[in-house]
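Input: a single structure, listed below in structure tokens.
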Amino acid sequence: MMTPTIELDGLEVQLGGRTILHGLTGVLKSRAIGLLGPNGAGKSTLINTLLGFHVPSRGSARMLGFNSHTSGKALRSLVGYMPENDAFISKMSGVRFVRYMAEISGLPSEQAMERAHEAFVYVGLGEARYRPVGTYSLGMKQLAKLAQAIAHGPKVLILDEPTNGMDPPARKRLIELIREIREASDICLLLSSHLLRDVEETCDEVLILRNGKIASICNLVEERRANRKFLELETLGAEATFTTALESIGCECAVFSSGRIKIVMPDGVEIREVFKVAADRGVQIRRMNHRRDSLEDIFLNAMEQTGAADGRL
Amino acid sequence: MAVYKRRYNSYTGSLTPAWSRFFVLTRFAFVDLFKSRFFVLLLILCIVPCLLSAGYIFVANNKTVQLLMQLRSGDFFVVENQYFIVIMIIQAEAAFLLNCWVGPVLIAGDLTNGALPLFLSRPFSRVDYVLGKLAVLGLLLSAVTWIPCLLLFSLQSGLAHDGWIWSHLWMILPMVLCSAIWILMLSLLSLAVSAWVKLRIVATGVIFIIFFIPAGLGEMFNHIMGTYWGALLNFSYMFRIILERGFRDPYRLLDLSGRNEIPVAAAWSALMVVCLLSLVILNARLRARETVRG
């Protein structure tokens, strides 16, 4: 059986006398996990706890089977971490900074140097690698942080708000990089963000936090697969015979004005069969949409539900 | 992840032993230090007294040179325990100056831009971090204290008459031990200050303040209360007491207004307390994440 990426068992974390995480329990098995939640929801605290920076006051957190508290060192040997805030040594050149971090992770000096160069070129900072990190722009600093997180070839990549302060093209490039890294290896990804698009574009499973509690755990892959079964059509032609024919192959149909039809397709029925039925009945399909039950819907739904549970909107 | 391929690959090569990784910090710090001409100059200046002392030992053991230089042999050319006390004191002061220049930047540079979480998110503990930084000062200050003193001792042993080394072998222990406590105290203190104060000039100032203000307050306390216990706040003086007792100085070379009555254990304790307080500060400051209370 595959080890879950993250296991939370009644995890409670108190900081400065306040409870930040309230008994989180859940299992996340996907390779790419998104942490979502409004500011102050506890995303960074959860990441810091997984890294062993905070000691749980109750319960436990495990990553790839390693307890964050009792096996912290073993766990951190698998991790590449890109923190949310500024984290660099300003007077060091970019490549030396990454080499330094790679050596601390245990790479021998020569390999660390080689991989530091590779990581810098890979993230697109090849030209700037000999400049002191302190002179980098905000976007470049983010990329340098990513370079130091991947240089030692971790098994888990933890990215805390990676696109913070980046302009749209830089953000797009970073998201592409993250997707490339995910697809090019067996690396596990934990990405924390309050930007739904970042998570939607890179993750398979989402843990939504609110006020230190789990608002929802959602498998985006299954959600996307389920969404494919819901179709919205705009048609022109014999609607009644078309819907009857669709119902005869097992679809559920709801007809609205102006030729709009909503269809729920049963398992085993593919979209091409809908086209075939339409062609047979001489019906034109002017527009076809999958239901867009996006991450935004899931997120808002989770926020509403927990808000109601908390007695708040 | 080869450059020409521009593709991510995980690392599958060998790793260095976990226990040795703290030395990466030391190595990188030394590379940075030796880029500074001022540091190199300071280091050379710190070793100059030992070079002069080597010349002195050579002359003291060479009658021909003494005759050539028309110097009269006598008490002036005695190389005994008091001679080594003086050399140790000079080198301890040199170590203090070197420490004031090097120490304040060691941790502050990592804390200024929040690099500490990057160290601690790796299989690298806070103890490893402090050890790595401590090793920088430990090696550097050793290079200007007990190592040159041992070399001088060896030189004297080689040049003096046959029985000298055996009758003075005991001096190696106080030489190493006294240097060790002084180096440990200076290193921990400057690391604690470096973890607290980010600007080098301010941090250097704070180290001077820590050394001289309590010493002055201690003097005031002694005068007002008619005691000598206030000298416990004079760390340099505590070091001298340890040195003097360690080197079995019967003449109390450093005797000043009866303060030599302070037991050597109290002097050791005073320096150990400074070390402990520094560790407490380091423990409080070196956190991957700060916790806001309330």
Could you please find all residues in the stretch A:154-176 being more than 14 Å from every other protein chain (Cβ to nearest Cβ), in a helix (DSSP H, G or I) and more than 23 Å from A:Asn219 (Cβ to Cβ)? A:Pro168, A:Pro169, A:Ala170, A:Arg171, A:Lys172
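Go over the candidates B:Thr204, B:Thr112 one by one and state the one that is in contact (Cβ under 8 Å) with a residue 40 or more places away in the chain, over 27 Å from B:Ala18 (Cβ atoms) and within 14 Å of chain A (Cβ to nearest Cβ).
B:Thr112
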Of all residues in the stretch A:18-43, which are over 14 Å from the mean Cα position of the chain (by Cα), within 14 Å of chain B (Cβ to nearest Cβ) and surrounded by 14 or more Cβ atoms within 10 Å (Cβ to Cβ)? A:Thr19, A:Ile20, A:Leu21, A:Gly42
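Rundown of residues vs (1) surrounded by fewer than 17 Cβ atoms within 10 Å (Cβ to Cβ); (2) over 27 Å from A:Met2 (Cα atoms); (3) assigned by TED's automatic domain parsing to the domain that holds A:Gly106, yes/no style:
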{"position": "A:Ile158", "(1), (2), (3)": "no, no, yes"}
{"position": "A:Gly165", "(1), (2), (3)": "yes, yes, yes"}
{"position": "A:Ile187", "(1), (2), (3)": "no, no, yes"}
{"position": "A:Cys203", "(1), (2), (3)": "no, no, yes"}
{"position": "A:Arg210", "(1), (2), (3)": "no, yes, yes"}
Please go through the stretch B:58-112 and pick out each residue that is under 17 Å from B:Glu244 (Cβ atoms) and among the hydroxyl-bearing types (Ser, Thr, Tyr). B:Tyr83
Count - residues of the stretch A:77-103 that are of a type in the set (Phe, Trp, Tyr) and more than 7 Å from chain B (Cβ to nearest Cβ): 1
Do we have any residue at all in the stretch B:180-187 that's assigned to a helix (DSSP H, G or I) and without any contact (Cβ under 8 Å) to a residue 12 or more places away in the chain? no
Subset tally (residues that are surrounded by 19 or more Cβ atoms within 10 Å (Cβ to Cβ), over 20 Å from B:Glu93 (Cα atoms) and not small (Gly, Ala, Ser)) for the stretch B:198-248: 1
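Take the residues of the stretch A:272-298 that are modelled with pLDDT of 85 or more and touching an Asp or Glu at 6+ places or on another chain (Cβ under 8 Å): which is farthest from A:Phe230 (Cα to Cα)?
A:Val283
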A:Gly106 under 22 Å from B:Pro123 (Cβ atoms), at the interface with chain B (Cβ under 9 Å from one of its Cβ atoms) and in a strand (DSSP E or B): no
Hey, among the residues in the stretch B:115-133 that are in contact with a helix residue (DSSP H, G or I) (Cβ under 6 Å, 6 or more places away or on another chain) and among the basic types (Lys, Arg), which one's farthest from the other protein chains (Cβ to nearest Cβ)? B:Lys133
Filter the stretch B:141-175 for residues that are touching a helix residue (DSSP H, G or I) at 6+ places or on another chain (Cβ under 6 Å) and under 21 Å from B:Leu43 (Cβ atoms) and give the result. B:Leu141, B:Val144, B:Thr145, B:Trp146, B:Pro148, B:Cys149, B:Leu152, B:Leu155, B:Met175
Taking the condition of being within 21 Å of the chain's Cα centre (by Cα) and among the hydrophobic types (A, V, I, L, M, F, W, C), how many residues in the stretch B:141-177 meet it? 16
Has the stretch A:138-152 got any residue that is assigned to a loop (DSSP other than H, G, I, E, B), touching a residue at least 24 places away in the same chain (Cβ under 8 Å), assigned by TED's automatic domain parsing to the domain that holds A:Cys203 and in contact with a strand residue (DSSP E or B) (Cβ under 9 Å, 6 or more places away or on another chain)? yes
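Looking at the stretch A:226-264, which of its residues are small (Gly, Ala, Ser), farther than 14 Å from A:Ala278 by Cα and surrounded by 12 or more Cβ atoms within 10 Å (Cβ to Cβ)?
A:Ala226, A:Gly250
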Can you find a residue in the stretch A:211-226 that is assigned to a strand (DSSP E or B) and either without any contact (Cβ under 8 Å) to a residue 40 or more places away in the chain or of a type in the set (Ser, Thr, Tyr) (or both)? yes
Go through (1) within 13 Å of chain B (Cβ to nearest Cβ); (2) in contact with a Lys or Arg (Cβ under 7 Å, 6 or more places away or on another chain) for A:Arg179 and report which single condition fails. (2)
For A:Asp198, indicate whether it is outside the structural domain of A:Ile261 (by TED's automatic domain parsing) and part of a loop (DSSP other than H, G, I, E, B). no
Per-region count, the stretch B:253-294, residues at pLDDT below 90, within 14 Å of chain A (Cβ to nearest Cβ) and out of contact with any strand residue (DSSP E or B) (no Cβ under 9 Å at 6 or more places or on another chain): 3
Tell me which residues, restricted to the stretch B:135-147, are buried (at least 22 other Cβ atoms within 10 Å of the Cβ) and part of a helix (DSSP H, G or I). B:Val136, B:Leu137, B:Leu140, B:Leu141, B:Val144, B:Trp146
Please verify whether A:Ala119 is within 11 Å of chain B (Cβ to nearest Cβ) and buried (at least 24 other Cβ atoms within 10 Å of the Cβ), treating the condition exactly as stated. yes
Scan A:Gly126, A:Gly134 and give me the residue that is at pLDDT below 90, in contact with a Phe, Trp or Tyr (Cβ under 9 Å, 6 or more places away or on another chain) and at the interface with another protein chain (Cβ under 9 Å from one of its Cβ atoms). A:Gly126
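The values are calculated or read from the model by the stated rules, or taken from the named source; none is laboratory data. Please read all numbers here as calculations on a predicted model, not as lab measurements. Positions of Cβ are generated from backbone atoms using ideal geometry, with glycine treated the same way; all protein chains shown enter the neighbour counts.
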